[in-house]
Amino acid sequence: MVAASTRTEAAREVAASLRATRTIELRLDWLGERKEIRATLRWLAAKKAAFRKSGVTIIATCRRRKAGGKFAGTIREQIAILREAADAGCRWLDLEIESAERFSRAELAALGAKARLLISYHNFRKMPQRLERAKGRLERARGDAIKIAAHAATYSDARRLLNFARTSRRSVMVPMGNVAAAARILALRGGSAAAYAPVNAATAPGQIGLSAMKEIYRAGKIDRHTSVYGVIGDPVAHSLSPQMQNAGFAARRMNAVYVPFLVRRGSRGLRDFLGAVEGLGVKGFSVTIPHKEAILEYLDDCDPLAAEIGAVNTVVVRGGGKLYGYNTDYVGVLRALERRVQLAGSCVLILGAGGAARATAFALAHAGANVRICARRPERARALARAVGGEAIERSRLRAEYFDAIVNATPVGMHPNTKASPLEANELNCRLVFDSIYRPRRTKLLQTAERRGIETVSGVEMFIAQGAAQWEIWTGERAPESAMRQALEKALRRPENDSGSEDDRRS
């Protein structure tokens, strides 16, 4: 999707788009001034023969403000621009139903003689209760295809729209809204003829960029048989789990996709997502902040170790929508530490008492370590210490204590608070510091430890280990860890990832 303000920018975005796709929507209404629209159409006309020869399809859209676009002109002016777009080589014209209903059948037929018509309906506020009614309006315009783009406030909304795609031939279904980001990808699995992805500026909430759609989610390969996996959390948009897990599917040539599901905090968000799991075709999912402990209430069964820990980060969806929980954070902690510290008999301090801290504490206790727990809420620290046969310790005592290792299992230090650290320099009395946060790779805690000459371990090692274990639970095959590591390392090298994100731990 190209949404630019000038002819020069539009040409640049078209060129960028062609590196990933041969079908491009050109938002003429975003060009603003009429001179820029005319200049862009002249440029398109000059490219017409070359585009036709190379199989490029341009969809021209000039949406009026009343229909959620930026074009301030009249319907007659809108139609005139679309006619020019067809003459310039655009094979499809997207015409909103509000404009289509103002013209006679003969006028629409004349426009349709120049290019194919995609008649579209947009509702930026809510999902229509009666999708059939919206479909009926669109089909009465007698275009070549229809599009319904509607706001999905819940996964139930998204599921209804995607299920509706299966009943509609020649249709494009677009769930909008931040909750619907994953559903935009899964629309292709549901039978939608296309999914919209901006090459630069987003034109609607929840859009995923073109490069991500192509490279990470392999959108062009998604079909009705694609297996669906994902990660649930709040926030979740910047998780690097999709890069890593999808790289694993690509390496093994599996018809599967892993997507981010924004599941709001609280039971309502969990119930909404879990109620849509079967309808969205989800076979398994990762669980991250803040749902690792809350998800236990909704499981049909649970691995004994995960039940003992009291936190789940991996769920398998079995027949009839039955949910089975596991904890692979346990594996990640051991793999990250056991090659650097003789765990049996060692004294390890764990910061935090949430779901990640619980997995860490049980892993270390089972390995024979003497576990100390320090948390913001002392009662939770004491409860976790009792559960693993360890000891709760107040922060005021840390300066006088020495530990073989200190493990940060809190979110302190993640974006946007990358300058924060859970401990001060004089509290780092240990041989090794392990931070379970993987972005930024070098947190302030690790930087402080390095300056004191203390060995450090990034959360990257734990992240890869727990992710590979999840992949194997879902697929029953050995994870291609090398490919998964390469994908993660590539993502971490990108400048925009240096500062991290709010969802940078075990997700």
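Please treat every number below as a calculation from the coordinates, not as lab data. What you are looking at is a predicted structure, and each value in this text was computed from that prediction instead of being measured. Please note: Cβ atoms are built from the backbone with ideal geometry, for glycine as well, and neighbour counts cover all protein chains shown.
For segment 1-54, what does the alpha-carbon gyration tensor say about shape, rounded, prolate or oblate, given a ≥ b ≥ c as the root eigenvalues, a/c under 1.5 as rounded, and a/b over b/c as prolate?
The shape class here is oblate.
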Tell me which residues come under 5 Å, amide H to amide H, from Thr456 once H is placed; ignore anything under 5 positions away on its chain. Val433
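How far, in nm, would the chain grow between Arg382 and Thr167 when pulled straight, counting 0.36 nm per residue and subtracting the alpha carbon separation?
Here the answer is 71.8 nm.
With r defined as the distance between the Cβ atoms of Arg224 and Ala202 and R0 fixed at 25 Å, what FRET efficiency is calculated, to the nearest 0.05?
Working: r = 27 Å, r/R0 = 1.10.
The value I calculate is 0.35.
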List residues of segment 186-224, by number, whose backbone nitrogen lies under 20 Å from a label position 7 Å along Cα→C-beta of Asn255. 186-195, 214-224
Taking the alpha-carbon set of segment 319-423, what are its Rg and Dmax in Å? 14.7, 55
Measuring from centroid to centroid over Cα atoms, what is the spacing of segment 271-349 and segment 419-448 in Å? 25
Find the centroid of the Cα atoms in segment 370-389 and in segment 1-64, then give the distance between the two in whole Å. 60
Hey, can you grab everything whose amide H is under 5 Å from the amide H of Ala60? Only 5+ residues off in sequence or another chain; H modelled, so Pro and N-termini drop out. Leu26, Trp92, Leu93, Asp94
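Under the definition of Cα pairs under 8 Å and six or more residues apart, what whole-number percent is the relative contact order of segment 62-144? The partial results should precede the final answer.
On the way: 87 pairs, mean separation 23.0, N = 83.
Averaging sequence separation for qualifying contacts and normalising by length gives 28 percent for segment 62-144.
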Shape parameters for segment 103-222, alpha-carbon atoms, Rg then Dmax in Å: 14.6, 45
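State the percent of C-alpha pairs, over all pairs in segment 368-427, separated by a distance greater than 18 angstrom. Display every interim value, and only then the final one.
Details: 701 of 1770 pairs.
Cα-Cα pairs of segment 368-427 separated by over 18 Å account for 40 percent.
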Mind sorting out which of [x] 52; [y] 37; [z] 32 is the real percent of Cα pairs over 37 Å apart computed from the coordinates? [y]
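Å³ per residue of the Cα convex hull, for segment 227-296? Show your work: numbers first, answer last.
Numbers: hull volume 5.4 nm³, N = 70.
About 77 Å³ per residue, rounded to a whole number.
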Could you size up the charge dipole of segment 7-223 around its Cα centre, putting +1 on the beta carbon of Lys and Arg and -1 on that of Asp and Glu, and report it in debye to the nearest 20? 320
Antiparallel DSSP beta bridges within the chain, percent to nearest 5: 10
Please state the shape class of segment 213-350: rounded when a/c is under 1.5, otherwise prolate if a/b exceeds b/c and oblate if not, all from the C-alpha gyration tensor. oblate
Just add up the charged neighbours of Leu299: K/R +1, D/E -1, any other residue whose Cβ is under 13 Å from the Cβ of Leu299. -2
Amide H contacts under 5 Å for Ile373, placed H, 5+ residues apart: Ile350, Glu391, Ala392, Ile393
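Can you give me the orientation-averaged projected area of the convex hull built on the Cα atoms of segment 15-130, in nm²?
Its Cα hull, projected and averaged over all orientations, spans 8.2 nm².
I'd like to know how segment 7-223 sits against the 2.2 N^0.38 Å rule of thumb: what's its Cα Rg over that expected value?
This ratio for segment 7-223 stands at 0.97.
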Tell me, what are the semi-axes, in whole angstrom and largest first, of the equivalent ellipsoid of segment 385-463 as set by the roots of 5 times the Cα gyration tensor eigenvalues? 20, 15, 12
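For Leu18 and Ser267, calculate 0.36 nm times their separation in residues minus their Cα-Cα distance, and state this gained length in nm to one decimal.
Taking Leu18 through Ser267 to full extension adds about 85.3 nm, to one decimal.
How much length is gained on full extension from Arg493 to Ala400, taking 0.36 nm per residue of separation minus their Cα-Cα distance?
Working: separation 93, 0.36 × 93 = 33.48 nm, distance 3.83 nm.
Length difference between fully extended and current span is 29.7 nm.
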Label point 7 Å beyond Cα of Phe124 along Cβ direction - residues of segment 198-216 with amide nitrogen under 18 Å: 198, 201-208
